[in-house]
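**Student:** Mind looking over this structure? Questions follow.
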Amino acid sequence: METSTDATVAEGSGSEGSGGEPPAGSREVAAAPPSSLSPSRAGDFMQCPLLYRFRVIDRLPEKPSEAATRGTLVHAVLERLFDTPATERTAPRAKALIPGQWDRLRESRPEVVELFADDPEGERLARWLSEAERLVERWFTLEDPTRLEPAERELFVEAELDSGLRLRGIIDRVDVAPTGEVRIVDYKTGKAPRPEYAESALFQMKFYALVVWRLKGVVPRRLQLVYLGSGDVLTYDPVLADLERVERKLLALWDAISLATETGNWRPRPTKLCGWCDHQAVCPEFGGTPPPYPLPVRSPASGGGAQGRMGPD
Ligand code: SF4
């Protein structure tokens, strides 16, 4: 997943990175067993069960990254632009929103200020902001906001499956056609994946489609990923069988997560994505020792068997 997943990790954004949950380690909260699943946390478990534990169970702090923070900023700008009348939704107008949204982001998440603490002249910040401008500008080559009137923006969704598993997340944009057809849109500030990794990229979108179907009984007509980093748009028109498959996949994933939670057996799975992981210092793969497991455990006799490699299919 070179350009795609690396980029996705690096370019995590408001909803890319959080998936309906606060950023990992963003606040002090007592450890508790997981009670719901978001696309990003499902992705964490598939990538590395131990990473999931560090983020969801231990809630270890993570440093903000320039790329992820820029993603959050760009998402905020694209969302806010729809507050203006359709004819005024131009690239200059959108770029003019960046300074104000950056101020708001610094207020709501003061930790992002440390990103540029060692940049007294503001040169790196200026480059970072101009890259945000470039991403915003590119969006106008991919979609025309003067012709869009989203039904929802930054929509928090949550649905409970028959098994009791709660799925949740934040959808960047929902468009509803006059015919009632639903389109789910997600912005990515990274690059589009190579074709062989498209399925992985679509997993998050199918997750959202499943939630919408469960909530409203409507299968979304189209799933659309807008890659601002490379200027690509990836679309997929799901059918019911896709969503049923994703549901089965998530139930299996949840079984594996529940077993690991009960036994405390969270296996590290080293990949090249470890380079993006904030937790190497406490990861056995890098000579570290995880913190004491904060939850009660049952006998590990049967534990952990379900942590084989789990992909999005
Ligand atoms: S460093 Fe790699 S193996 Fe270790 S927790 Fe992070 S992602 Fe998992």
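**Student:** Report, in debye and to the nearest 20, how large the dipole of the chain comes out about its Cα centre when Lys and Arg carry +1 and Asp and Glu carry -1 on their Cβ. It would help to have the intermediate numbers written out before the result.
**Tutor:** Numbers: 40 positive and 48 negative charges, 108 e Å.
The calculation lands at about 520 debye.
**Student:** Please list, in chain and number order, the residues 5+ apart from residue 267 or on another chain whose amide H is under 5 Å from its amide H, with Hs placed from the backbone.
**Tutor:** Counting only residues 5 or more places away or on other chains, the set is 50.
**Student:** Arranged from highest to lowest average of other beta-carbon atoms within 10 Å per residue, in what order do the peptides 272-280, 250-258 appear? Intermediate results must be reported in sequence, preceding the final value.
**Tutor:** Values: 272-280: 16.1, 250-258: 17.9.
Put in order of decreasing packing, that is 250-258, 272-280.
**Student:** Report, in debye and to the nearest 20, how large the dipole of the stretch 112-245 comes out about its Cα centre when Lys and Arg carry +1 and Asp and Glu carry -1 on their Cβ.
**Tutor:** With Lys and Arg at +1 and Asp and Glu at -1, about 460 debye.
**Student:** Could you size up the charge dipole of the stretch 24-168 around its Cα centre, putting +1 on the beta carbon of Lys and Arg and -1 on that of Asp and Glu, and report it in debye to the nearest 20?
**Tutor:** 180
**Student:** Specify which residue in the list 229, 213, 81 is farthest towards the positive end of the charge dipole of the chain, using unit charges on the beta carbon of Lys, Arg (+1) and Asp, Glu (-1), about the Cα centre.
**Tutor:** Sorting the options by dipole projection puts first 213.
**Student:** What list of ³J(HN,Hα) couplings, whole Hz, do you get for the stretch 202-208 from phi and the Karplus terms 6.51, -1.76, 1.60, once you set θ to phi - 60° and write x for glycine and proline?
**Tutor:** 7, 4, 4, 5, 5, 4, 5
None of the figures in this text is laboratory data; all of them are computed from the coordinates on show. Only a predicted model underlies this, so the values are computations on that prediction, with no experimental measurement involved. All Cβ positions, even for glycine, are placed from backbone atoms using ideal geometry, and neighbour counts span all protein chains on display.
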